[in-house]
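*Asks:* Shown below is the structure under consideration.
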Amino acid sequence: MPLTFDFDNSYAALPDAFFATQMPTAVHGPELLAFNEDLAHLLRIHAGTPAEMAEVFGGNRLPEGAAPIAQLYAGHQFGTFNPQLGDGRAILLGEVVDRDGQRRDIQLKGSGPTPFSRMGDGRAWLGPVLREYVVSEAMHALGIPTTRALAAVATGETVYREAALPGAVLTRVARSHLRVGTFQVFAARRQTAHLRRLTDYAIARHYPQAEGPMGLLRAVRDAQAKLIAAWMSVGFIHGVMNTDNVSIAGETIDYGPCAFLDTYHPDTVFSSIDRGGRYAYSNQPDIAVWNLAQLATALIHQLDDPAAAVEEATEIVHAMPALIEAALLNRYREKLGLTDARDGDARLVDDLLDRMTTQQADFTNTFRAIGTPAARDQFTDPAAYDAWARDWQARIGDMPDAQARIRAANPALIPRNHRIEQMIQAAVTGDLAPFHRLCAALRAPFDPAPDTADLAHPPTPDEVVPATFCGT
Ligand code: AMP
Ligand code: MG
C-alpha cells in the first residue's frame, strides 16, 4: 500500500490574502533519514517504501489531497516589528484529523523558496533539522506541548551558511501554525475583515469555548502561561521567542537556537544572536507577557469600541505574570515531591535555586536526585545542599512515596546540548547512529534504559557548547 494521507484542509479555504499557493521545489537526491512511526499511526498516515517517503517528505512528489501553501505572517523579531515575514522556507501540505480527533498541520520545512523568502534560499541544513527532530520529540516525551517531527529527509544538495553544508527537509506536525504574528500582519495592515476572520478561525480550531477576541486572548494567555512554566521546569531555553514563533495553540514551536540548562544559572543564554540576553532562561516569563501584549494590541483592532477593549485586554495581560508564577511554583512543588501547597514553598524553591547557582549544580541531575546522597554530589560544597535538605525534609515530613514522585516529576534524560552537537557532527559525516540513539533514549526520559547513563552526564569542560548558532 502506498504512502497515503487523509487530508482535510481548512486553512487553504481562508481568503487568498492569508497565504500563497506554493509547490515545494524538488531536490536532487532525496534520502529518508528518519520516519516517526508512532506519530504516523496517530495521524492515520499509512507509511510507504523508504524511496516513496523520501520523494514525498523531500518535496519531490505531492501526495494526493495536499493543498500546498506558504502562510503569511508578521512579527516582532528581538523587539523590532517586521511587517512581513511569512513561511520563507516552509510549505503546509495540508491538515489531517488524528485518531484523537485533533486537527494537525503537516508542513515541510526547508522545501524551497516561497513568495515570503525575502533574501533566504528556502532551505535548511541537516544540523537544525536533526536538532528540531530530536528536541521536539524529546519535549513531547517530557509531556510538554510541542510541534512534532514526522520525518527527516536529506536532499542530496548543498546549502550555504557559514560553510557549505548538507541540505535537509523536516516534516513538522503542529496543532496549527497560527502565531501571534499571523494576527499582527492583518492588524498592521488595518485589514479588519481578515483579522475578524482569523480570530473566528482560531477560536473554532483551538478554543471553541472562548468568546470573542478577548476570550481568545485569555485562552492563549492561559495556554502560554502553562507552556512557559513547563519550559522553566525542565531548564529549557527557547532562544528566539519572537512573536512569529509564539503559537496560538500553546505549543513550543521553532527549535532554532534552543538548548537546555546544564549547570543552573538564571541568566543563561545560548543563542549566538541573542547578544542582549533578551531570551535568557529567566527572562522567558517576562517575554511571554510582552508577546501576549502584542497579541492584545493586534486583536483590539477589530473591536467596535477599542477604548473599552483596552481596559479588558490590559487586565488580561496584567494577570499573566502571576499565572506563570503560580504554574511554575506548582511544577516545582511536584519536582520536590510535595503534594500540597503551603506558605513558604516559594522560599524553599528559591533557596535551592540560589544555592544551585552559586554551587554550579546541574539542574536536571540535582532535581532527579533530591532526597538522595547523589544530590549533594552536584554541589561544589555539598554542605550547601545539606543545609537546604534539612528544610526540605522538615517540609515534606515522613512521606514514604516521595522518591517515586520525585522520579516521576524529574526527568533523568534531557537532550543535552553537547550531545545534540556531537550527534550533528556525526550526521554530517554520514553516521546517523547517535541521532537514532538519542531519539530512542529520549522517548523514556523519566524511566531511562540502563545503557543510556552516559546521556545523563553533563558536558565535560571540553564538551561544553557555549553558543548555539541560529544559522539554520
Ligand atoms: P525563524 O527565525 O526561523 O523563526 O525565521 C524567521 C523568518 O525568516 C521566517 O519568516 C522564516 O520563514 C524566514 N527564514 C528563515 N530561514 C530562511 C531561509 N533559509 N530561507 C527563506 N526564509 C527563511
Ligand atoms: Mg519562525
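The values are calculated or read from the model by the stated rules, or taken from the named source; none is laboratory data. Computed from a predicted model, the values in this text were never measured in an experiment. With ideal geometry, Cβ positions are generated from the backbone for all residues, glycine too; neighbour counts draw on all protein chains shown.
*Asks:* So if I check each of 153, 169, 159, 134, which one is out of contact with any strand residue (DSSP E or B) (no Cβ under 7 Å at 6 or more places or on another chain), in the same structural domain as residue 38 (by TED's automatic domain parsing) and either part of a strand (DSSP E or B) or away from ligand 1 (no atom under 12 Å from the Cβ) (or both)? Explain how you work it out, then say what you get.
*Replies:* Numbers: 153 fails: out of contact with any strand residue (DSSP E or B) (no Cβ under 7 Å at 6 or more places or on another chain); 169 fails: out of contact with any strand residue (DSSP E or B) (no Cβ under 7 Å at 6 or more places or on another chain); 159 fails: out of contact with any strand residue (DSSP E or B) (no Cβ under 7 Å at 6 or more places or on another chain).
It is 134.
Quick grid of which residues meet (1) under 23 Å from residue 107 (Cβ atoms); (2) charged (D, E, K, R); (3) away from ligand 2 (no atom under 16 Å from the Cβ):
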{"position": "226", "(1), (2), (3)": "no, yes, yes"}
{"position": "251", "(1), (2), (3)": "yes, yes, no"}
{"position": "256", "(1), (2), (3)": "yes, no, no"}
{"position": "268", "(1), (2), (3)": "no, no, yes"}
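*Asks:* Identify all residues within segment 116-139 that are free of Cβ contacts under 8 Å to residues at least 60 places away in the same chain and buried (at least 24 other Cβ atoms within 10 Å of the Cβ); write none if there are none.
*Replies:* Listed by number, the residues that qualify are 123, 129.
*Asks:* Within segment 11-85, which strands (runs of 3 or more DSSP E) (wholly inside it) include 2 or more residues that are surrounded by fewer than 18 Cβ atoms within 10 Å (Cβ to Cβ) and within 16 Å of ligand 2 (Cβ to nearest atom)?
*Replies:* Values: elements: 19-21, 31-35, 69-71, 75-77, 80-82.
Ranges flagged: 80-82.
*Asks:* I'm trying to understand the selection: among the residues of segment 425-472, which are away from ligand 2 (no atom under 16 Å from the Cβ), within 19 Å of the chain's Cα centre (by Cα) and farther than 20 Å from residue 141 by Cβ?
*Replies:* 467
*Asks:* Then there is this: With respect to residue 57, is the statement that it is closer than 15 Å to residue 151 by Cα, out of contact with any Cys (no Cβ under 8 Å at 6 or more places or on another chain), touching a residue at least 60 places away in the same chain (Cβ under 8 Å) and not assigned by TED's automatic domain parsing to the domain that holds residue 154 true? Spell out how you get there, then give the answer.
*Replies:* Numbers: closer than 15 Å to residue 151 by Cα: yes; out of contact with any Cys (no Cβ under 8 Å at 6 or more places or on another chain): yes; touching a residue at least 60 places away in the same chain (Cβ under 8 Å): yes; not assigned by TED's automatic domain parsing to the domain that holds residue 154: no.
For residue 57, the condition - closer than 15 Å to residue 151 by Cα, out of contact with any Cys (no Cβ under 8 Å at 6 or more places or on another chain), touching a residue at least 60 places away in the same chain (Cβ under 8 Å) and not assigned by TED's automatic domain parsing to the domain that holds residue 154 - is not met.
*Asks:* Is segment 184-196 home to any residue that is in a helix (DSSP H, G or I), of a type outside the set (Gly, Ala, Ser), surrounded by 23 or more Cβ atoms within 10 Å (Cβ to Cβ) and within 14 Å of ligand 1 (Cβ to nearest atom)?
*Replies:* Yes, that holds for at least one residue.
*Asks:* Being in contact with a helix residue (DSSP H, G or I) (Cβ under 7 Å, 6 or more places away or on another chain) and small (Gly, Ala, Ser) is the filter here; which residues of segment 18-64 pass it?
*Replies:* Passing the criteria: 34, 47.
*Asks:* Looking at (1) in contact with a strand residue (DSSP E or B) (Cβ under 8 Å, 6 or more places away or on another chain); (2) assigned to a loop (DSSP other than H, G, I, E, B); (3) in contact (Cβ under 8 Å) with a residue 60 or more places away in the chain; (4) surrounded by 15 or more Cβ atoms within 10 Å (Cβ to Cβ), which is the one condition that is false for residue 113?
*Replies:* Evaluating residue 113 over (1) in contact with a strand residue (DSSP E or B) (Cβ under 8 Å, 6 or more places away or on another chain); (2) assigned to a loop (DSSP other than H, G, I, E, B); (3) in contact (Cβ under 8 Å) with a residue 60 or more places away in the chain; (4) surrounded by 15 or more Cβ atoms within 10 Å (Cβ to Cβ) leaves (1) as the failure.
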